[in-house]
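Asker: Below is the structure I would like to discuss, written out as structure tokens.
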Amino acid sequence: MHKIIYKKQLSDDMFWMEFEAPYVAAKAKPGQFIIFRVDEYGERVPITMADSNKEKGTITLIFQAVGRSTMLLSQLEVGEYVQDIAGPLGKPTDVEARKRVCIVGGGTGNALAYPIAAGFKAAGATVDMISGFRTSDLIVLKDEFESVANNYYLCTDDGSAGEKAFTTDKLKALIEAGNEYDEVITVGPPVMMKFVAKTTEPYGIPTIASLSALMIDGTGMCGGCRISYEGETKYVCVDGPEFDASKVDWDVLIARNAYYAEEEKEAREHICRLTGGTRHYE
Amino acid sequence: MNNQMNKTPMPQQEPNVRNKNFDEVALGYSREDAVNEAQRCLNCPQHPCVSGCPVNVRIPEFIAKVAEEDFDAAYEILTSTNSLPAICGRVCPQENQCEGKCVRGIKGEPVGVGRLERFVADYHRETVGHAGVEAVACNGRRVAIVGSGPAGLTCAGDLINLGYDVTVFEALHKEGGVLVYGIPEFRLPKSIVAYEIEGLAKKGVKFEHNVVIGKSLYIQDLLDDGFEAVFIGTGAGLPMFMNIEGENLVGVYSANEYLTRINLMKAYLDEYDTPIKKHEKVVIVGAGNVAMDAARCAKRMGAEVHVVYRRSREEMPARNEEIEHAEEEGIEFHLLNNPVRIIGDEKNQVTKVECVKMELGEPDASGRRSPIEIPGSEFTIDTDAVIMALGTRLNTLICNTTEGLEQTQKGGISVDEETGATSIEGIFAGGDAVTGAATVIKAMGAGKKAAAAMHEYLSK
């Protein structure tokens, strides 16, 4: 059982939560993920960590309450417990030996981009951060990015805050303006990451994408998180979660991630209709 | 002495009833059945059955006690070498082990050793239970077990009995390894696994779940923390695929994933959140125990199930009983067929499997006749899911994070076969983490050997 020691609602459906998880915190590095299970009936859900604190023995998750498990998680309060947290899983971000990087975050992906940005900064790189959101209500971590990034570019699809632009347009503009990046790192919806990869391709800039996939154990047993990668099969849990974005078969990933979309929709409606948001414990 | 040529029949659920529920298929012997079957044992002087058992259960001795209706004494004899008899009685491939060597099997059927083992363990659980099980006096010396599958549980059981302070680390949220995530409820009820684990806990074994050794903690951390010896029983790793076109389409699963959703995550029960599809038609590729488990689960989820296997019935690696049960339950077998490609629609969803017909040629490295494609014999099977049950690779999490831990050519942890000792002093290993995918009882045998070797090492 893992106690919740801090909770903040960042937007309508985005939450920041800090949990006691000493084993995970002791080894956690930027880019790694954990698997949580909200209670005895819950799914095993992978989420990339937003932060960790070895001294306090805590980890931070920033998540969007979109599925049944994340909705149930969002309803827990400080002092309450989540059933399981296992990790840190996956390989950490390689932050060494980069002079200048551009990080492109989309939506919730921005939360996961934050520790990556901080990791590069701590390793001595110059960090440009492009944060994209649909609209101003959804913006998260603006202050945090402003303090950690050398240049912070805020974009919204509707222009309600920052620049009215897609992240890929902004990235292209920065590259065209002569900014030279050793690497571009992208975290966000797969469709956005696919187009980030397309944007950097003509310039030959190495581009890394942090993927989320459907997963059960997260330790290299079930094989559910596999992706097609330059004709080979790779596993997000043990080979990733970060991959060369130019080699990922994005359409396969998008299709595989949507496999349980109907069941998820039903589960969400079920939560709202039957229990008004919480689970029935008999 | 009972001259009955065949085994006393095992009461079981009717095929057309059981293929719609997840309750246990075999219902277990009654007292009368057990005594009758025990009387078939000749108690022959060579007792070849014992040498066929990886943990050397004193088979004729426990069976003699069953024949005398002294079931408690039978249980004592059984558990003197086997710490998980209720599990072994259900899942061991007895036909290749104890029963395969039984003299009664020369003319007629061998003695039903597995069924008797199960009866004795179940009888004890139902009549005595954990009453009288107490914490074992502890010698204060700490040992760590990595993984709570059959190898780890056996090793933990033997070491706690020897007085060690035993901690078991499990990566998942629940203990039991393949016994809980892999083998389905209808073959091995999870309450039995939980009971065995509870027994170990009562004796003083500590269980830490959600700790992934090689990620959350390294082997070196365990040594630094004061563990004097470590047993690695982490089981097998990533599932194997065929490397054919279409394997990453939506609707293609590894058997590990499909079974884990059902068994560990209980996706077939309404109150659990993990989703599972109710497919109309499912193709299973492979013919081992895992393939049979996946096929029979898919059947219980309501699908029409087809097993595709490239060799013939004779070469199928699954236990006979599993194959027979699968056939009775209405699973269709397409033997001497091999998938060559999986075909999907515009949404990347599986729609068909293209197969080719095979014939058997000369024996290959495994000693089985090797399957050869018959050119031009391709055909397709319409399906909405494909489950690959082709075995597993080795998990490298621990090897990658433990300096000096040598691996075999195949990527397993390299050990001394007799002791389970690895290339690092004080670190032992066994089970699928060493051999690649094998059986529960072989893993238990390895856990047992390693426990003895660890005791010897720590007694120096």
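Asker: Can you pull out every residue in the range A:199-244 that is in contact with a Lys or Arg (Cβ under 6 Å, 6 or more places away or on another chain), surrounded by 20 or more Cβ atoms within 10 Å (Cβ to Cβ) and more than 29 Å from B:ALA433 (Cβ to Cβ)?
Answerer: A:THR199
Asker: While we're here: Hey, can you tell me all the residues within the range B:437-460 that are surrounded by fewer than 19 Cβ atoms within 10 Å (Cβ to Cβ) and under 30 Å from B:ALA287 (Cβ atoms)? Walk me through it before giving the result.
Answerer: Of all residues in the range B:437-460, those surrounded by fewer than 19 Cβ atoms within 10 Å (Cβ to Cβ) come to B:438, B:452, B:455-460.
Scanning the range B:437-460 gives a single hit, B:ALA438.
Asker: Checking A:LYS91 against (1) basic (Lys, Arg); (2) within 9 Å of chain B (Cβ to nearest Cβ); (3) out of contact with any Lys or Arg (no Cβ under 8 Å at 6 or more places or on another chain): exactly one of these is not met. Which one?
Answerer: Only one criterion is unmet by A:LYS91, namely (2).
Asker: I've got another one for you. Of all the helices (runs of 4 or more DSSP H) wholly in the range A:211-272, which have at least 1 residues that are over 22 Å from B:CYS399 (Cα atoms)?
Answerer: A:250-257, A:261-270
Asker: Taking the range B:148-188 as the search range and keeping residues that are more than 18 Å from the chain's Cα centre (by Cα) and either of a type in the set (Asp, Glu) or in the same structural domain as B:MET265 (by TED's automatic domain parsing) (or both), which one is farthest from B:ALA433 (Cα to Cα)?
Answerer: Among residues in the range B:148-188 that are more than 18 Å from the chain's Cα centre (by Cα) and either of a type in the set (Asp, Glu) or in the same structural domain as B:MET265 (by TED's automatic domain parsing) (or both), the one farthest from B:ALA433 (Cα to Cα) is B:ASP165.
Asker: Are there any strands (runs of 3 or more DSSP E) wholly within the range B:145-233 with 1 or more residues that are within 17 Å of B:LYS448 (Cα to Cα), and if so which?
Answerer: B:165-169, B:229-232
Asker: Among the residues of the range B:172-199, write down those that are more than 12 Å from chain A (Cβ to nearest Cβ) and either among the small types (Gly, Ala, Ser) or free of Cβ contacts under 8 Å to residues at least 60 places away in the same chain (or both).
Answerer: Hits for the range B:172-199 are B:GLU175, B:GLY176, B:SER191, B:ALA194, B:ILE197, B:GLY199.
Asker: While we're looking at this one, here's another question. Is the range A:191-198 home to any residue that is touching a residue at least 40 places away in the same chain (Cβ under 8 Å) and more than 30 Å from A:ASP239 (Cα to Cα)? Give the steps one after another, and end with the answer.
Answerer: Step one: of the range A:191-198, the residues touching a residue at least 40 places away in the same chain (Cβ under 8 Å) are A:191-194, A:196-197.
Add one more test, that the residue is more than 30 Å from A:ASP239 (Cα to Cα), and what stays is none.
No; the residues of the range A:191-198 include none that is touching a residue at least 40 places away in the same chain (Cβ under 8 Å) and more than 30 Å from A:ASP239 (Cα to Cα).
Asker: Residues of the range B:234-250 being more than 25 Å from B:ALA438 (Cβ to Cβ), part of a loop (DSSP other than H, G, I, E, B), within 8 Å of another protein chain (Cβ to nearest Cβ) and touching a residue at least 12 places away in the same chain (Cβ under 8 Å), which ones?
Answerer: Passing the criteria: only B:LEU249.
Asker: Give the residue, chosen from B:PRO54, B:PRO110, that is surrounded by 16 or more Cβ atoms within 10 Å (Cβ to Cβ), part of a loop (DSSP other than H, G, I, E, B), touching a helix residue (DSSP H, G or I) at 6+ places or on another chain (Cβ under 7 Å) and at pLDDT below 95.
Answerer: B:PRO54
Yes or no, residue by residue, for (1) within 14 Å of another protein chain (Cβ to nearest Cβ); (2) within 21 Å of the chain's Cα centre (by Cα); (3) not aliphatic (A, V, I, L, M):
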{"residue": "B:VAL305", "(1), (2), (3)": "no, no, no"}
{"residue": "B:GLU332", "(1), (2), (3)": "no, no, yes"}
{"residue": "B:GLU346", "(1), (2), (3)": "yes, no, yes"}
{"residue": "B:SER377", "(1), (2), (3)": "no, no, yes"}
{"residue": "B:THR401", "(1), (2), (3)": "yes, no, yes"}
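Asker: What number of residues within the range B:348-400 are in contact with a helix residue (DSSP H, G or I) (Cβ under 6 Å, 6 or more places away or on another chain) and either at pLDDT below 95 or at positive phi (or both)?
Answerer: 2
Asker: Can I ask one more? Can you run down the residue pairs with Cβ atoms below 9 Å, 6 or more apart or on separate chains, where the first is in the range A:172-184 and hydroxyl-bearing (Ser, Thr, Tyr) and the partner is at pLDDT 95 or above and in a loop (DSSP other than H, G, I, E, B)?
Answerer: The qualifying pairs are A:TYR181/A:ILE205; A:TYR181/A:PRO206.
Asker: May I ask you to list the residues in the range B:14-29 that are touching a strand residue (DSSP E or B) at 6+ places or on another chain (Cβ under 8 Å) and either over 15 Å from B:ASP122 (Cβ atoms) or in the same structural domain as B:LYS299 (by TED's automatic domain parsing) (or both)?
Answerer: B:ARG18
Asker: Suppose we filter A:VAL184, A:VAL140, A:VAL196, A:VAL127 for residues that are among the β-branched types (Val, Ile, Thr), surrounded by 18 or more Cβ atoms within 10 Å (Cβ to Cβ) and in a loop (DSSP other than H, G, I, E, B); which single one remains?
Answerer: Result: A:VAL140 is the single residue among A:VAL184, A:VAL140, A:VAL196, A:VAL127 that is among the β-branched types (Val, Ile, Thr), surrounded by 18 or more Cβ atoms within 10 Å (Cβ to Cβ) and in a loop (DSSP other than H, G, I, E, B).
Asker: Further question: If B:ARG125 satisfies all but one of (1) surrounded by fewer than 24 Cβ atoms within 10 Å (Cβ to Cβ); (2) touching a Gly at 6+ places or on another chain (Cβ under 6 Å), what's the number of the condition it fails?
Answerer: (2)
Asker: Another one. Sort out which residues of the range B:251-304 are buried (at least 23 other Cβ atoms within 10 Å of the Cβ), out of contact with any helix residue (DSSP H, G or I) (no Cβ under 7 Å at 6 or more places or on another chain) and not in a loop (DSSP other than H, G, I, E, B), and write them in order of number.
Answerer: B:VAL252, B:TYR253, B:SER254, B:ASN256, B:GLU257, B:ARG261, B:VAL283, B:VAL285, B:ALA298
Okay, residues lined up against (1) surrounded by 21 or more Cβ atoms within 10 Å (Cβ to Cβ); (2) farther than 29 Å from A:LYS172 by Cα; (3) within 14 Å of another protein chain (Cβ to nearest Cβ):
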| position | (1), (2), (3) |
| --- | --- |
| A:LYS8 | no, yes, no |
| A:GLU18 | yes, yes, no |
| A:PRO22 | no, yes, yes |
| A:ALA28 | yes, yes, yes |
| A:ARG37 | yes, yes, yes |
| A:ARG68 | yes, yes, yes |
| A:VAL78 | no, yes, no |
| A:ILE103 | yes, no, no |
| A:GLY106 | yes, no, no |
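The values are calculated or read from the model by the stated rules, or taken from the named source; none is laboratory data. What you see is a predicted model, and the numbers here were worked out from it, not measured in a lab. FYI the Cβ positions are ideal-geometry reconstructions off the backbone, even for glycines, and counts take in every protein chain you see.
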